[in-house]
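One structure is given below, encoded as structure tokens.
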Amino acid sequence: MSQNRQRSKDVPSVAAVSGKIDDVLAGIRVPDLPYPAGKLEPDAVSDWRPLLISCWSEQRDERVTHVIRSVNLEWSVRQVNAAYVADRIMDVFLKTSGLHPNLARRIARLRFYLAWRMNLEGKKAFSKTLLSWLDSLQEWRGWSDSGGRSSKVLLDQLDSLVIAVSASFESGGTDPVEQFCHQWQEDSAKRDAQAGKLRQRLLDTEQGAAKQRKADQAARALIGRALQGRKLPIAIVRFILDYWQGLLKQSVWDSGIEGETFRHGGKLLEWLVWIGDPSLSDKDRNRLYHVGEQIGDRILDVWKRVYHETLPSEALAGIEAVMVSRLRGEAPDLVDALSAAGSFQWDSSWLSFEVPPKEAFEPFEGQWFVEGDGAGEQRRFFYAFLPESAEILWTNGAGVKLGLQTWSEFQTALDNKQIRPLPKLTPFGAVLAETVELLARVCEKQRRQREQAAEAARLRAEELRREKDAAEERRRAEEAEREAELERQRQAAEEQRIADENAEQERLRKERTLLAEKQVDGIKLGGWIVVEPDESSEEPVRLKLAVRINASRKLVFVDRLGLNRREFLEEALVEGIVEGRIRVLGTAAEFDDTLSRVVGRIRVGRN
């Protein structure tokens, strides 16, 4: 079927097309598709391979985008865009490929495979091998779902495609599909070589058959026209059918219906009918005698010119008997000529058809035509015009005959649009290039719109930020002023508090000092004091007053044994009592009560 295959000059290279696929997969956004709300972590993206395997195995005609919308799973942006791009490419392929709808639909199911591969490897999904195979499908432009053997060959190969793609899904790689494409191309080369031989053989056979058909039909037409409505002796009818029909047929084969031999044979046929039909020959007896004398010799002469041999004598026996009977004036037994001929079929148009000029049929030779619509359409190839019979030889493009059609029938069907030329096919590469180019332009437009929106948002955000900063600056200034005022108030209050506390502390210290001085003055000889140790690990020391030296205002204390003499000046002893390092045991309770009252008054006064 590779005969007359269309090759688009604009089929792009893989690099020219795939360079933009990754940009489209990453950047395009299509309304109403299930994009994620935000960026998904890799482990949050759903694995769609089982879903795609199921759709492919069941050979479903759904769009990939419809399938992923029908399940409540999280898809990445790249998955959604891969599904959309695969759908878009195959939808355009269905409309513009020009292949039979059933074939195009089977190929379009590759959308599940392409979506899967584009998500994984982007532009590498359309390998050179895969594109070459998809483009080569044009050789099946004439395929029709006729149910015949040649039709099933392709269906069997596509069943192998189902297995190969399923194997790729299962293995996670593309090797099974690549091997399928290689094998397909090898089988295609073998088919081309075989189809070339079949086409030539069919043409030679049909040209000979057309010439034979013309000779047979012309002879039948001439005989049918001569016998129609006639009643003749059975001997004449048998001679015409058994001998003269073959002679007329051979004369047409040798020189056509315009040849002298066919003309003479037709004339003698008319004389035989004239002789055998009394309603014709009884009106002119003289002429009957004249014809009867010459017809035998003329039959023999024409026979010898056609076959180059003598007509058997027994062939004319019946004719001669009829002639003798007619010349005697006897009435022969007559039969209806055509009824006696049995199921004799004839068509008088074979004696008058005209072969159309070459320029009328030449433009249609080598072209594909379509009959019917949709999945039931049938395609046929105008392989050759047979001028001998003015018939069209229809084939499937690979040397298999689909039928014959007269030129007039073809013209009528063409005028009534019962048959139409097959529109120009679009290779898959062109579909891919045009679709990706269109999507790339849309993606670029969306990118510019996003950039413009982002710039507008940035400018608006900048303006809002400036307004916010100004408002914040004003707020900070007001807050700073308020804080400064509060700080001044706090500072004044704190200074007042400190002054009050200092004054109170000073007053309290004076009171404690007075009390301590009173205690010191009240210590009598033998009076006890307790001196707190300097370190927490030591025990308090109990001392008693041993000596008071008034001149130097010094007090000497000793322990119970009269040892460990320690001296204190009155000021130092008062200081130690005020600070709590020294307690006077004799008057300690009275001092503590007095001190508690003093502290209580201070607290009440502060509150």
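The values are calculated or read from the model by the stated rules, or taken from the named source; none is laboratory data. Predicted, not measured: the structure shown is a model, and the values here were computed from it. Don't worry about glycine lacking a Cβ; one is built from the backbone with ideal geometry, like all the others, and counts go over all protein chains shown. In case anyone asks, the SASA skips ligands and DNA or RNA and just uses the protein heavy atoms, side chains included. Shrake-Rupley method; radii C 1.70, N 1.55, O 1.52, S 1.80 Å.
Brief remarks follow.
- Unique match (being closer than 25 Å to residue 228 by Cβ, touching a Pro at 6+ places or on another chain (Cβ under 7 Å) and not hydroxyl-bearing (Ser, Thr, Tyr)) among 280, 334, 338: 334
- From 151, 168, residue being among the hydroxyl-bearing types (Ser, Thr, Tyr) and at pLDDT 90 or above: 168
- Which listed residue, of 7, 29, is open to solvent by 50 Å² or more (accessible area, probe 1.4 Å), assigned to a loop (DSSP other than H, G, I, E, B), among the basic types (Lys, Arg) and at pLDDT 85 or above: 29
- Among the residues listed as 501, 481, 495, 455, the single one being surrounded by 12 or more Cβ atoms within 10 Å (Cβ to Cβ), without any contact (Cβ under 8 Å) to a residue 24 or more places away in the chain and assigned to a helix (DSSP H, G or I): 501
- When the criteria are applied in full, residue 339 fails the requirement of being of a type in the set (Gly, Ala, Ser), open to solvent by 50 Å² or more (accessible area, probe 1.4 Å) and part of a loop (DSSP other than H, G, I, E, B).
- Selection count, region 228-260, where residues are in a helix (DSSP H, G or I), touching a strand residue (DSSP E or B) at 6+ places or on another chain (Cβ under 9 Å) and open to solvent by less than 60 Å² (accessible area, probe 1.4 Å): 2
- When every residue of region 135-150 is checked against the conditions, none turns out to be under 22 Å from residue 48 (Cβ atoms) and either surrounded by fewer than 18 Cβ atoms within 10 Å (Cβ to Cβ) or among the aromatic types (Phe, Trp, Tyr) (or both).
- Considering residues of region 45-84 that are in a helix (DSSP H, G or I) and of a type in the set (Gly, Ala, Ser) only, the residue surrounded by the most Cβ atoms within 10 Å (Cβ to Cβ): 83
- Looking across region 387-406, the residues that are crowded, with 21+ Cβ neighbours inside 10 Å and either more than 42 Å from the chain's Cα centre (by Cα) or closer than 20 Å to residue 104 by Cβ (or both) come down to 389, 391, 396, 397, 398.
- Options 258, 309, 293, 314: the member that is closer than 23 Å to residue 217 by Cα, free of Cβ contacts under 8 Å to residues at least 24 places away in the same chain and of a type outside the set (Phe, Trp, Tyr): 258
- Qualifying positions in region 541-564 - small (Gly, Ala, Ser), open to solvent by less than 70 Å² (accessible area, probe 1.4 Å) and in a loop (DSSP other than H, G, I, E, B): 552, 562
- Residues of region 186-220 satisfying the condition of being among the aliphatic types (A, V, I, L, M) and either at pLDDT below 85 or open to solvent by 40 Å² or more (accessible area, probe 1.4 Å) (or both): 189, 193, 195, 198
- Among the residues making up region 348-384, those that are hydrophobic (A, V, I, L, M, F, W, C), surrounded by fewer than 19 Cβ atoms within 10 Å (Cβ to Cβ) and assigned to a helix (DSSP H, G or I) are 351, 360, 364, 375.
- Some residue of region 102-118 being part of a loop (DSSP other than H, G, I, E, B) and under 21 Å from residue 161 (Cα atoms): yes
- Test result for residue 460, at pLDDT 90 or above, of a type in the set (D, E, K, R) and outside any helix (DSSP H, G or I): no
- Out of 571, 538, 567, one residue alone is open to solvent by 70 Å² or more (accessible area, probe 1.4 Å) and part of a strand (DSSP E or B). It is 567.
- With respect to (1) under 23 Å from residue 442 (Cα atoms); (2) open to solvent by 50 Å² or more (accessible area, probe 1.4 Å); (3) modelled with pLDDT of 90 or more; (4) of a type in the set (A, V, I, L, M), the lone exception for residue 16 is condition (3).
- First in region 208-232 and among the β-branched types (Val, Ile, Thr), second anywhere and open to solvent by 10 Å² or more (accessible area, probe 1.4 Å) and part of a helix (DSSP H, G or I), Cβ under 7 Å, 6 or more apart: 223/245
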